[in-house]
Amino acid sequence: MIPFYVLVVSFTLFKVLGLFGWSYFDGWQNPTQIAVAIMLLVTASAHWGKNRQDLIRVVPPAFPRKDLLVTATGWLEIAGAVGILLPATSRVASICLALLLITMFPANVKAARERLTIGGRPTPKLLARTLLQLVFLAAVLLAGSAS
């Protein structure tokens, strides 16, 4: 849930800045891009922090070298955060991020079904996790849609 809160709070903050005259944040595109980038940096940080072992545990058993997959997805999230902010790469980054979210979804299913925890917090149930995933997919696609 933390990534969702980060996305919503940062988007709201940037929209408020737009309302107070910071023209860069007037529309929805820039606030969405920056909010998505911040969310991705927060989620990527878990790939090396105290939650790393929890993330390795949620990788489905069919995948070898779970530790490398967690590292790789963390780097891809960082690359996506940077890419979504650059006009030349924003559209491609948003598509790649959407594909990344889709390919990582089986780990979320496993976490929900097995009632695993991340950082001591229970992962959302499958319906909630699916809805969150749809919000994240919409956010990354919207972030790159007008570039």
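Given a 1.4 angstrom probe, what's the average accessible area per residue across the chain, in square angstrom?
Accessible surface, normalised per residue, equals 56 Å².
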Check the straight Cα-Cα distances from K125 and name the lysines below 20 Å, setting aside those fewer than 8 residues away within the same chain.
-> K110
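Taking the mean number of other Cβ atoms within 10 Å as a proxy for protection, how do you rank 88-99, 104-115 from highest to lowest?
Working: 88-99: 18.1, 104-115: 16.0.
By packing density, highest mean first, the sequence is 88-99, 104-115.
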Kyte-Doolittle mean at least -0.5 and Cα extent at least 30 Å along the axis: which DSSP H helices of the chain qualify?
-> 90-113
What residues from the range 111-144 fall in the zone where the backbone N is under 15 Å from a label point 7 Å along the Cα-to-C-beta line of Q53?
-> 117-121
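At R0 = 41 Å, how high is the FRET efficiency between A128 and S23 if r is their beta carbon distance? Nearest 0.05 is fine. Please report the intermediate quantities before stating the final value.
Details: r = 37 Å, r/R0 = 0.89.
The value I calculate is 0.65.
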In whole angstrom, how far apart do the alpha carbon centroids of the range 93-147 and the range 60-76 sit?
-> 16
Cα-Cα separations in the chain greater than 24 Å, expressed as whole percent = 31
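Going through the range 20-127, which chymotrypsin sites (Phe, Trp or Tyr not before Pro) have at most 10 other Cβ atoms within 10 Å and a DSSP loop state? Write out the running numbers ahead of the final one.
Details: sites: F20, W22, Y24, F25, W28, W48, W75; in loops: F20, W22, W28, W48.
Filter output for the range 20-127: F20.
The values are calculated or read from the model by the stated rules, or taken from the named source; none is laboratory data. Just so you know, these numbers come straight off a predicted model, no measurement behind them. Because the Cβ atoms are built from the backbone with ideal geometry, glycine has one as well, and the counts that use them run over all protein chains shown. Each accessible area value is taken on the protein alone, full model and side chains, heavy atoms only, with ligands, DNA and RNA left out. Shrake-Rupley method; radii C 1.70, N 1.55, O 1.52, S 1.80 Å.
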